[in-house]
1. Among what's in segment 25-51 and is open to solvent by less than 20 Å² (accessible area, probe 1.4 Å), assigned to a loop (DSSP other than H, G, I, E, B) and not hydrophobic (A, V, I, L, M, F, W, C), pick the residue that is farthest from the ligand (Cβ to nearest atom).
2. For segment 230-287, which positions are β-branched (Val, Ile, Thr), closer than 12 Å to Arg215 by Cβ and touching a Phe, Trp or Tyr at 6+ places or on another chain (Cβ under 9 Å)?
3. From the list Ala166, Ala145, Ala160, Ala153, which one is under 27 Å from Pro211 (Cα atoms), among the small types (Gly, Ala, Ser) and touching an Asp or Glu at 6+ places or on another chain (Cβ under 8 Å)?
4. Which condition from (1) within 25 Å of Arg109 (Cβ to Cβ); (2) at pLDDT 95 or above; (3) away from the ligand (no atom under 13 Å from the Cβ) is the one that Gly301 breaks?
5. Among the residues of segment 260-293, write down those that are over 25 Å from Gln321 (Cα atoms), assigned to a loop (DSSP other than H, G, I, E, B) and open to solvent by 50 Å² or more (accessible area, probe 1.4 Å).
6. Is one or more of the residues making up segment 186-196 touching a residue at least 12 places away in the same chain (Cβ under 8 Å), more than 16 Å from the ligand (Cβ to nearest atom), part of a helix (DSSP H, G or I) and open to solvent by less than 10 Å² (accessible area, probe 1.4 Å)?
7. Determine if segment 96-103 includes at least one residue that is in contact with a Lys or Arg (Cβ under 9 Å, 6 or more places away or on another chain), within 18 Å of Thr27 (Cα to Cα), within 16 Å of the ligand (Cβ to nearest atom) and open to solvent by less than 10 Å² (accessible area, probe 1.4 Å).
8. Sort out which residues of segment 264-280 are out of contact with any Gly (no Cβ under 8 Å at 6 or more places or on another chain) and within 23 Å of Ala61 (Cβ to Cβ), and write them in order of number.
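The values are calculated or read from the model by the stated rules, or taken from the named source; none is laboratory data. Note that the structure is predicted; figures quoted are calculated from it, not measured. Cβ atoms come from the backbone with ideal geometry, glycine included; neighbour counts cover every protein chain shown. For the accessible areas, the whole protein counts, side chains as well, though only heavy atoms, and no ligand, DNA or RNA atoms are used. Shrake-Rupley method; radii C 1.70, N 1.55, O 1.52, S 1.80 Å.
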Amino acid sequence: MQSLLFTPLKIGDLQIKNRIVMPPMCTYKAKDENGCPRCFHRLHYAARARGGGVGLIIVEATAVEPRGRIASRDLGLWNDEQQEAHARLVKECVKYGAVMAVQLAHAGRKSECDGLIAPSAVKFSESYKTPRQMSVEDIVSVKQAFVQAAIRAERAGYAATEIHAAHGYLISEFLSPGINLRDDEYGGSFENRARFLKEILSEIKAAVKIPVGVRISADSWAKGDWSLEDSVRLAKELELLGAAFIHVSAGGFFERTDSAPAFTPLYQAGYAKAVKQAVSIPVIAVGLITKASEGEALLLGGVCDGVAYGRELLRNPNFAQAAMSELGCAELIENSYKRAFK
Ligand SMILES: Cc1cc2nc3c(=O)[nH]c(=O)nc-3n(C[C@H](O)[C@H](O)[C@H](O)COP(=O)(O)O)c2cc1C
């Protein structure tokens, strides 16, 4: 039987050769804070692409403006030099058949850089600075930064982009009633808290042709705060606005949580399943998925459409080839590597 992990995945009009996804993982390797991918990044991502490997690579959190970096050596996409460097990265990886996407991000109150902004002036933890509460002008300018970065992503050759609305960074800070204490149209009700993300998605959609997906944290793991039920509602609304996929992660909102699950294999898969049952666009599952058989079982069980292997792909750039061998698809392994996988 043909393995599901190695059947093509369609995202919008994009055809992806298999369902193995490399999720965004920061490497903090830009030189001198210039935000440009360089030789390291080309080697790092191409290593996962080559040899018949990963179908969809989502390049690490890439800041839409300098104060949106998580740390000073993050990648960025706010100027021409960065756009050209991203174009070189994309060119290197598509040679090997990977579909390249990039995650567009703003760290909000979880930035180690200067000039922190957030929906409200509440710091993440003792070791972070207190952010400045965003004015409506700030909101407009950050939305514009997302749109401009998406345009640059498209110009750089990325086939898709992912809005980072997870892990307690800026967009998810707006979603959380515990972090977003605003009393204007961007705070209070679910509708108001989701407005920032929905406007970013709509404005990006109006500006680019490439598919635009969204990564969410399905649960804040804090009682009374952002929940799976909220995420299911949000996912349906994002689908209506034209989101191309939903990538379902969790957590990251608060330093201390009261209802985090045990971090056991597949611990976030249930969230992906709940979202998948609510939408008809592709859903990507992530979280301690390390084995080919686990990804295969998730696909068979209708939990998700794509399977993200994060740290497993950091440990093992040849994970996709090993998975091909394990699932009886050794013919897909590129010749140079075939003899390594009997
Ligand atoms: C080193 C590292 C960097 C990460 N950077 C990002 C990031 O840039 N954007 C993001 O959404 N998640 C990031 N994550 C989270 C991963 O994408 C993934 O959701 C997480 O590692 C769980 O999946 P795993 O158990 O397969 O590793 C990062 C994780 C690691 C380990």
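1. By that ranking, first place goes to Gly51.
2. Correct list: Val248, Val283, Ile284, Val286.
3. Result of the check over Ala166, Ala145, Ala160, Ala153: Ala145.
4. Gly301 satisfies every listed condition except (1).
5. Ala262, Phe263, Ser280
6. Taking every residue of segment 186-196 in turn, at least one turns out to be touching a residue at least 12 places away in the same chain (Cβ under 8 Å), more than 16 Å from the ligand (Cβ to nearest atom), part of a helix (DSSP H, G or I) and open to solvent by less than 10 Å² (accessible area, probe 1.4 Å).
7. Yes: segment 96-103 contains one or more residues that are in contact with a Lys or Arg (Cβ under 9 Å, 6 or more places away or on another chain), within 18 Å of Thr27 (Cα to Cα), within 16 Å of the ligand (Cβ to nearest atom) and open to solvent by less than 10 Å² (accessible area, probe 1.4 Å).
8. Listed by number, the residues that qualify are Tyr271, Ala272, Val275.
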